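Structure, as structure tokens:
Readers should treat all values here as calculations from the given coordinates under stated rules, not as data from a laboratory. The structure displayed is predicted, hence computed values, not measured ones. Positions of Cβ are generated from backbone atoms using ideal geometry, with glycine treated the same way; all protein chains shown enter the neighbour counts.
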Amino acid sequence: MKVLVVDDEVPARARLHAMLADIHGYEVCGEAANGHEALQLCASEQPDVVLMDIRMPGMDGLEAARHLQQLQQPPAIIFTTAYNDYALQAFETHAVDYLLKPVRQERLLDALLHAQ
């Protein structure tokens, strides 16, 4: 499955990328630093899953998720964030899961399996 990693913090993207490298069957098809970049990469790469932070400059993850849900075949969205107070809004965008940072490998795997 193709996974797009979206987070404004480079270390957070690198950590998720490294975690995905250890999980068979998932490949990172791109990385984005905000919602605008995520939408562009989703259009070109057509990921199956988007791992997305919520609070980012420009377009945040919630707004990007609302745009992605308008696609004919939207990717599964798993939010990865340090803030637990956006969970309700996240699930209103049809998020598959909501992971709090620091994301644990086994929790990420569970979310990815649920996204399938």
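Every residue, every condition in (1) under 19 Å from Q89 (Cβ atoms); (2) touching a helix residue (DSSP H, G or I) at 6+ places or on another chain (Cβ under 8 Å), yes or no:
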| position | (1), (2) |
| --- | --- |
| V5 | no, yes |
| A12 | no, no |
| A18 | no, no |
| I23 | no, yes |
| A38 | yes, yes |
| P47 | no, yes |
| I54 | yes, yes |
Residue hits (the range 1-29; of a type outside the set (A, V, I, L, M), in a helix (DSSP H, G or I) and out of contact with any strand residue (DSSP E or B) (no Cβ under 7 Å at 6 or more places or on another chain)) are P11, R15
Counting only helices (runs of 4 or more DSSP H) entirely within the range 30-116, those with at least 3 residues that are surrounded by 17 or more Cβ atoms within 10 Å (Cβ to Cβ) and touching a residue at least 12 places away in the same chain (Cβ under 8 Å) are 35-45, 61-68, 105-115
